[in-house]
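Enquirer: The structure that follows is given in the form of structure tokens.
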Amino acid sequence: MKLFSWNVNGIRSAAKAGFLKWLSEENPDIVCMQETRALRTDLEEPLLSPFGYDSYWHSALKRGYSGVGIYSKIKPHNIIDGIGLKNFDDEGRTQILEYNGFVLLNCYFPNSRRDHSRLGYKLDFCEALLETMEKYIRAKKNIVVCGDFNIAHKEIDLANPKTNVENAGFLPQEREWMEKITKKGYVDTFREFNKEAGHYTWWSNRPGVRERNIGWRLDYFVINSKFRPKLKSAQIHSEVFGSDHCPVSLELDF
């Protein structure tokens, strides 16, 4: 089973940049998207059920903002929009699909903002999400958490850590949450296969930044430790364009 996660920076913009061609060529079982910036009613048929996929959308109340979506060839037996907290669910931050054998959480974490004005909101989201994760673990479920975390966990996860210690996405409080879930046994799947620097998933739109690979690793697939034996591979697809993020993937022996 192959899963992708991608902050598409607007699904309609991504479609104009070749998203559907990419989807047809990769042909994954499940694709999770963040920052979709569209209501389901905004989308025309090619984006609702391309190539036999079913699609599921959880959008923000504010038009053109945030939002998550999933294309899936596998039918989930339950679909949950949000985590049951209005202040997060109104922004279309999370959707949960329960499949036979695992639960998939597709997440778009808030940005703390340049002035850190949303740091408290973001940390509250992180804790609420962790409680949701732990609820499934207590119920003896395996989980896959993916999306744009808007956090670079360690210095290896961004090109210029020394100059970004006070910047959103690399703040100590954000990184502490990543440490917290790691200590609880959750697995950063990419780092199971690659311990090297220089692998990023987001680049500024400033000229030359992506070409020089001055980036951040903000996008993750995280699983619970008991699901680790099913993990076959985890990759970053930095060669794929169409957004300021690139897709990441996970392959499960499932």
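The values are calculated or read from the model by the stated rules, or taken from the named source; none is laboratory data. Every value quoted in this text rests on a predicted model; they were computed, and no experiment measured them. Note that each Cβ is placed from the backbone with ideal geometry, even for glycine, and that neighbours are counted across all protein chains shown. Note: areas computed on protein heavy atoms with side chains; ligands, DNA, RNA excluded. Shrake-Rupley method; radii C 1.70, N 1.55, O 1.52, S 1.80 Å.
Enquirer: Subtract the Cα-Cα distance of residue 228 and residue 165 from 0.36 nm times their separation in residues, and report this length gain in nm to one decimal.
Expert: On the way: separation 63, 0.36 × 63 = 22.68 nm, distance 3.14 nm.
In short, 19.5 nm is gained.
Enquirer: Per Stokes-Einstein, at 20 °C and 1.002 mPa s, what whole-number D in µm² s⁻¹ belongs to the range 75-128, with the Kirkwood radius over Cα pairs as the hydrodynamic radius?
Expert: On the way: Rh = 12.1 Å.
D = 177 µm²/s.
Enquirer: Give 162/183; 141/162; 2/162 a once-over and call out the pairs whose C-alpha atoms are over 29 Å from each other.
Expert: Details: 162/183 25 Å; 141/162 39 Å; 2/162 35 Å.
Over 29 Å Cα-Cα: 141/162; 2/162.
Enquirer: Which whole-Hz ³J(HN,Hα) couplings does the range 146-154 yield from phi under the Karplus relation 6.51 cos²θ - 1.76 cosθ + 1.60, θ = phi - 60°, glycine and proline marked x?
Expert: Per-residue couplings from phi come out as 9, x, 8, 7, 6, 9, 8, 5, 10 Hz.
Enquirer: Related question: When a/c is below 1.5 the answer is rounded, else prolate if a/b is larger than b/c, else oblate, so apply that to the range 1-105 with a ≥ b ≥ c taken from the square roots of the Cα gyration tensor eigenvalues. Don't skip to the end; give the middle numbers.
Expert: Values: a/c = 1.90, a/b = 1.09, b/c = 1.74.
Note, shape of the range 1-105 comes out oblate.
Enquirer: So what's the net charge close to residue 63: Lys and Arg +1, Asp and Glu -1, counting the other residues with Cβ under 11 Å from its Cβ? Mind dumping the intermediate values first?
Expert: Values: positive: 37, 62; negative: 42.
Residues near residue 63 contribute +1 overall.
Enquirer: Keeping all protein chains in place, calculate the accessible area per residue for the chain (probe 1.4 angstrom), answer in Å². Let's see the in-between values first.
Expert: Numbers: 11500 Å² over 254 residues.
Roughly 45 Å² per residue, with all protein chains present.
Enquirer: Follow-up question, since we're still on this one. Could you work out the local net charge near residue 137, counting Lys and Arg as +1, Asp and Glu as -1, over the other residues with Cβ closer than 13 Å to its Cβ? Each step should come with its number before you reach the end.
Expert: Working: positive: 135, 138, 140, 141, 184, 226; negative: 131, 134.
Charge balance near residue 137 sits at +4.
Enquirer: Tell me, in nm to one decimal, what length is gained between residue 118 and residue 237 on full extension, where the rule is 0.36 nm per residue of separation less the Cα-Cα distance? It would help to have the intermediate numbers written out before the result.
Expert: Details: separation 119, 0.36 × 119 = 42.84 nm, distance 2.94 nm.
Taking 0.36 nm per residue and subtracting the Cα distance, the gain is 39.9 nm.
Enquirer: Hey, another quick one. With a Cα-only, solvent-free Debye model of the range 102-254, what are the log10 I(q)/I(0) values at q = 0.10, 0.21 Å⁻¹?
Expert: Summing over Cα pairs of the range 102-254 leads to -0.34, -1.48.
Enquirer: Still on this structure: Need the C-alpha centroid separation for the range 189-209 versus the range 130-150, integer Å.
Expert: Distance between centres, Cα-based: 24 Å.
Enquirer: Tell me the carbon and sulfur percent of the accessible area for the range 47-137, rounded to whole percent, probe radius 1.4 Å.
Expert: Details: 1950 of 3860 Å².
Reported share for carbon and sulfur atoms: 50 percent.
Enquirer: Give, in nm to one decimal, the length gained when the segment between residue 134 and residue 205 is fully stretched (0.36 nm per residue of separation minus the Cα-Cα distance).
Expert: Details: separation 71, 0.36 × 71 = 25.56 nm, distance 3.63 nm.
Result for the pair: 21.9 nm of gain on full extension.
Enquirer: Pop a pseudo-label 7 angstrom from the Cα along the beta-carbon direction at both residue 183 and residue 75 and give the gap in nm to one decimal.
Expert: Computed distance between label sites residue 183 and residue 75 equals 4.4 nm.
Enquirer: In addition: What lysines sit close enough to residue 86 to cross-link, taking a C-alpha to C-alpha distance under 21 Å and skipping anything fewer than 8 places away on the same chain?
Expert: Qualifying lysines at Cα under 21 Å: 62, 122, 135.
Enquirer: While we're here: When the helix-only estimate is applied to the chain (DSSP H runs of n ≥ 4, each -39,500 (n - 2.57), divided by the residue count), what is the mean residue ellipticity at 222 nm, nearest 500 deg cm²/dmol? Let's see the in-between values first.
Expert: Working: 6 runs with 54 residues, N = 254.
Mean residue ellipticity, 222 nm, calculated: -6000 deg cm²/dmol.
Enquirer: Taking the simple approach of a point 7 Å from Cα along Cα-to-Cβ for both residue 155 and residue 63, what is their distance in nm?
Expert: Label at residue 155, label at residue 63, 4.8 nm between them.
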